[in-house]
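In what follows, a single structure is set out as structure tokens and then discussed.
Coordinate-derived values only; no laboratory data. Predicted model, so just to flag it, every value in this text is computed and none were measured. Positions of Cβ are generated from backbone atoms using ideal geometry, with glycine treated the same way; all protein chains shown enter the neighbour counts.
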Amino acid sequence: MTQDWNDRTTLVHAGARRSQYGEVAEAIYLTQGFVYPTCEAAEQRFVELGEDEFIYARYGNPTVAAFEDRIAALEGAEAAFATASGMAAVNGALFSMLKAGDHIVSSRALFGSCLYIVEVLLPRFGVEVTFVDGTDIDQWREAVRDDTKLVFFETMSNPVLEVIDVAAVSEIAHAKGAMVVADNVFATPILMRAFDLGVDVVIYSATKHIDGQGRCLGGVVLGSEDYIRGTLEPYLKHTGGALSPFNAWVMLNGLTTLDLRVRAQAATAARLADTLADHPAVTRVIYPGRPDHPQHAVAARQMQTGGTMLAFELADKATAFRVLNALKVAIISNNLGDARSIATHPATTTHQRLDAETRTELGITDGTVRFSVGLEDAADLEADLLAALDHA
Ligand SMILES: *Cc1c(COP(=O)(O)O)cnc(C)c1O
């Protein structure tokens, strides 16, 4: 269904389905099911779904399909399946493909819930997991075996923004016949084209940049027609991780402005990263767009800009708390990709569950601050951060 449109056109128009009323804004089909004109029609639909035919909202819904089509068109994916949350997408992508006895390789630097699935749940069902330092290509090369089913990583990790060399890892995996499954939430579909770099299955939490205004949970898995229809859909259809039509409508409209928002947020992030780096209270700034980021070269190769997220180090927990508590524009919360700038102290919130040793391994200290750059005026954010840093 992919048209020959550039991104911004795709994001405004792709996937729209107009009813007989010719509404301008996409309709919300807030319905669990669908009426069949006859028993024969119902029978036929259960045998084989035609284009734009639906049975039950757990399987599919017109508003959800519009969202799936729009993001698939943006990514250049053959197909997409939308889910109730980002974690339903991660869970669906991994569990639909794996069975007891399989081996996978995963980057260690993962979002807490992703880590729980890979480290706790998959082994409970007999899947063998080898963890690697995702930034070390030699570790991937050593860990991927002839019988490895898939590799999994976040293209840019949460919260310390380690950047995976996606093309290099994909090449290693494909040489052994393993699938490449990537969570591309931090990089966004605007700044990184994961499929072009070799990824087979791309996952998003739509809760983040795609909604972009902190309203709804949602997620999506993108891949080949074969994988989505043959492997993922049967799993998700029968286990219930479907996206609600209302949330799909919110996400569909989020996509309309995604390109503009992400580029504006990334431009501000680059400016704030430089401001923070010049401040004496900040011992380290982590921003993939800066030359002092350890994977800057990789980021420059595979991403259009350094992204909308940054992290920085303050002396300790007390300092981090004082600075964050003094912010007047940015809010303290744990979402990201939002129009509002959001400051997070990972060690005491999103990554609290991990023991101190694991946190250290992941590069999270008591002074680490994660900062999701919003849509506010860059000068106001800069002034806010500088004023807050006076409390360091
Ligand atoms: C937030 C997040 C998820 C989970 O998404 P939800 O919509 O909260 O379920 C998965 N991966 C990454 C990298 C995230 O930031």
Label-point separation in nm, S113 to N253, each point 7 Å along Cα→Cβ | 2.3 nm
Set of aspartates and glutamates with alpha-carbon distance to K328 below 19 Å, sequence-local pairs under 8 removed | D338, E376, D377, D380, E382, D384, D390
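For the stretch 160-220, what value does the Rg/Rh ratio take when both radii are computed over Cα atoms and Rh is the Kirkwood radius, given to two decimals?
On the way: Rg = 12.9 Å, Rh = 12.5 Å.
Computed over Cα atoms, the ratio is 1.03.
So for the stretch 252-392, Kirkwood radius off the Cα pairs, Stokes-Einstein at 37 °C and 0.692 mPa s: how many µm² s⁻¹?
214 µm²/s
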Distance from the Cα centre of the stretch 67-129 to that of the stretch 338-380, in angstrom?
-> 23 Å
Principal axis box of the stretch 252-309, alpha-carbon based, largest edge first, Å | 42, 24, 12
If the chain were replaced by its equivalent ellipsoid, with semi-axes equal to the square roots of 5 times the Cα gyration tensor eigenvalues, what would those be, largest first, whole Å?
-> 36, 26, 18
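If the viscosity is 1.306 mPa s and the temperature 10 °C, what Stokes-Einstein diffusion coefficient in µm²/s follows for the stretch 1-63 when Rh is the Kirkwood radius over Cα pairs? Don't skip to the answer; put the middle values down first.
On the way: Rh = 13.8 Å.
After rounding, the answer is 115 µm²/s.
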Using a Förster distance of 51 Å, the FRET efficiency for Y36-R301 (Cβ separation, nearest 0.05) | 0.50
